[in-house]
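The values are calculated or read from the model by the stated rules, or taken from the named source; none is laboratory data. As the structure is a prediction and not an experimental result, all values here were calculated from the model. Cβ coordinates were reconstructed from backbone atoms using ideal geometry, including for glycine residues, and neighbour counts include every protein chain displayed.
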Amino acid sequence: MWAPARSARNPATMPADGSWCITFEFSSIGYVKDDEKEDIDADEILEEIFYEQDIKAKRIKYSWDDSKLILQKNYYDADNLNFKIDSLFYNSHGQIDYIIPYSYTDFCNCLYNSNIFLLMEYNEQEFLSKLTDYDSTNSHFLTQTFLYDNNNNVEQKYYPLESGLSQYSFEYDAKNSIYQKINLPRIDEISISNNNITRVIVKQQSMSWDDITGDPTYTTSEYELYSSIFTYDSLDYPSQEIRYSSTSIDTFGYKIILVE
């Protein structure tokens, strides 16, 4: 099988059976007129959010592409291999319109996208309210909803009950989050919330059948799949997560490296 070189600038698209593969190469040569680009101070945004992050023996690095309107979120494993890329596409208001994810596959020894993209929706306060999965035919899969507390922290995020996917609840301290200070793209509870997450509670959403009508009933379980307690160092950087479940207690270390 033909296997193109694996690179952050050589993503690919292919079907699940691996019968063919299309790769895309990017070049800075050429000029494309973009009237909206002048409304965005790309250098200022770059200075604020370019950083590296070590979490659970993995590293995350943000970098702009040549257009300065697409931000790449690169994921590296413990061996420094780039196993995933999220391409974040910005509009003229500085908001992320949609995300295209690429994941590494052994089929072609490359990063590929399976025709999926994530569409962002915002509420009146311009906070992320919904994140929806679509495919290339605009078929809708799942929508994740975000709810906020009075301090503009993500209080809950959840999928529809009938999906059976987990529901997340978050608790916070009163200190300013380091992630807000470095102005990350606002795509999840870590980068959106103003304060530090101190606890995460994860519950299962499930379906049962009504004994009389036979209709399905969707509920959120009372028990927790797991909960996590987060601690921070003297500089208010995240330092540790202890995850409690019914079968184990796991500890994860955190480290943030700011890149000048």
Residues of the range 57-71 being surrounded by fewer than 16 Cβ atoms within 10 Å (Cβ to Cβ) and on the phi > 0 side of the Ramachandran plot, which ones?
Ala57
From (1) touching an Asp or Glu at 6+ places or on another chain (Cβ under 8 Å); (2) buried (at least 18 other Cβ atoms within 10 Å of the Cβ); (3) closer than 23 Å to Ile182 by Cα, pick out the condition that doesn't hold for Asn74.
(1)
Sort out for me the strands (runs of 3 or more DSSP E) sitting completely within the range 199-260 that have 2 or more residues that are over 24 Å from the mean Cα position of the chain (by Cα) and not assigned by TED's automatic domain parsing to the domain that holds Lys58.
216-232
Tell me whether the range 198-217 contains one or more residues that are within 25 Å of Lys73 (Cα to Cα), out of contact with any Pro (no Cβ under 9 Å at 6 or more places or on another chain) and in contact (Cβ under 8 Å) with a residue 60 or more places away in the chain.
no
So is Ile85 surrounded by 13 or more Cβ atoms within 10 Å (Cβ to Cβ), under 23 Å from Ser163 (Cβ atoms), β-branched (Val, Ile, Thr) and touching a residue at least 24 places away in the same chain (Cβ under 8 Å) or not?
no
Would you check if there is a residue in the range 156-166 being surrounded by fewer than 18 Cβ atoms within 10 Å (Cβ to Cβ) and more than 30 Å from Thr219 (Cβ to Cβ)?
no
Every residue in the range 130-144 that is closer than 19 Å to Ser166 by Cβ and surrounded by 15 or more Cβ atoms within 10 Å (Cβ to Cβ), please.
Leu131, Thr132, Asp133, Thr143, Gln144
Yes or no: Thr105 touching a residue at least 40 places away in the same chain (Cβ under 8 Å), over 23 Å from Trp64 (Cα atoms) and surrounded by 14 or more Cβ atoms within 10 Å (Cβ to Cβ)?
yes
